[in-house]
Amino acid sequence: MVANIRKKLAVLISGRGSNMEAILNATRFKDYPAKICIVISDNPEAKGLETAIKSGIEARSFKRNDYQDKASHEQAIMEAINASGADLICLAGYMRILSSDFTDTYDGRLINIHPSLLPKFKGLNTHQRAITAGEKEHGCTVHYVNSQMDGGKIISQAVVPVLEDDTADTLASRVLIEEHKLYQEVIRNLAKQ
Ligand code: GRF
């Protein structure tokens, strides 16, 4: 019998961690081809770290101020990723811009979820900017990460309508539901390869 070999995921977060939790929920299904081997945060207070710990997953935090510079901070994170044996590195609300040293190291294995239909609305406040621009459709994107912020190759997107009375919060909630499904699905597809 062929063993069920699951790809290992490192998930990087900075806060709430709802996308990380969605990935974790997907991995509970026996036929899901991936499992989380480590959750890493730059913020020791990140709620997602608690969620990971409660599920028995290795969770580590690397506070930027504990390191002399960006390079040594990233180096420590890379060492943890490498020690975990992760095949795929998933940014899920990780709020730091990564250097090209980092993105080159994991070229083709580093993905991110962004709350807009890229290439529209790179960066922050995407929901309010979509409303202000009068967009009729908005959504989320999973993409490979390179040294350009939110500029790597698009893997997949999910679309939601923008409603007349939407606020940034109502639109964000509608998009978040799709983010969770999209990230689960993209990881499933990549892990099967
Ligand atoms: C999500 O909207 C994600 O697309 C963006 O940051 C948010 C993180 O939310 N990059 P959570 O921490 O996964 O709940």
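The values are calculated or read from the model by the stated rules, or taken from the named source; none is laboratory data. What you see is a predicted model, and the numbers here were worked out from it, not measured in a lab. Here the Cβ is made from the backbone with ideal geometry for all residues, glycine too, and neighbour counts use every protein chain on show. Just the protein is used for accessible areas: all its heavy atoms, side chains included, with ligands, DNA and RNA removed. Shrake-Rupley method; radii C 1.70, N 1.55, O 1.52, S 1.80 Å.
Of all residues in the stretch 127-138, at least one satisfies being more than 16 Å from E179 (Cα to Cα), away from the ligand (no atom under 14 Å from the Cβ) and part of a helix (DSSP H, G or I). Can you tell me which residue is nearest to Y106 (Cα to Cα) among those in the stretch 160-180 that are in a loop (DSSP other than H, G, I, E, B) and among the aliphatic types (A, V, I, L, M)? Within the stretch 160-180, the match that is nearest to Y106 (Cα to Cα) is V162.
Do you know which residues across the stretch 93-123 are open to solvent by 90 Å² or more (accessible area, probe 1.4 Å) and either of a type in the set (V, I, T) or without any contact (Cβ under 8 Å) to a residue 60 or more places away in the chain (or both)? Of everything in the stretch 93-123, those that are open to solvent by 90 Å² or more (accessible area, probe 1.4 Å) and either of a type in the set (V, I, T) or without any contact (Cβ under 8 Å) to a residue 60 or more places away in the chain (or both) turn out to be I97, D101, D104, D107, P119, K120. From the list T126, T141, T132, the one residue that fits, being open to solvent by less than 20 Å² (accessible area, probe 1.4 Å), more than 23 Å from I36 (Cα to Cα) and out of contact with any helix residue (DSSP H, G or I) (no Cβ under 7 Å at 6 or more places or on another chain), is T126.
The rows are residues; the columns are (1) within 12 Å of the ligand (Cβ to nearest atom); (2) part of a strand (DSSP E or B); (3) at pLDDT below 95.
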{"residue": "A158", "(1), (2), (3)": "yes, yes, no"}
{"residue": "L182", "(1), (2), (3)": "yes, no, no"}
{"residue": "E185", "(1), (2), (3)": "no, no, no"}
{"residue": "R188", "(1), (2), (3)": "no, no, no"}
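Scanning the stretch 148-191 for residues that are open to solvent by 30 Å² or more (accessible area, probe 1.4 Å) and of a type in the set (D, E) gives E164, D165, D169, E178, E185.
If you check S14, S99, S55, S61 for being away from the ligand (no atom under 16 Å from the Cβ) and modelled with pLDDT of 95 or more, only one passes: S99. Residues in the stretch 26-49 that are within 14 Å of the ligand (Cβ to nearest atom), farther than 16 Å from G93 by Cβ and open to solvent by 20 Å² or more (accessible area, probe 1.4 Å): 0 in all.
If you go through the stretch 102-117 and pick out every residue that is within 12 Å of the ligand (Cβ to nearest atom) and of a type in the set (F, W, Y), you end up with 0. With respect to the stated conditions, D107 fails to be more than 22 Å from Q184 (Cα to Cα) and modelled with pLDDT of 95 or more.
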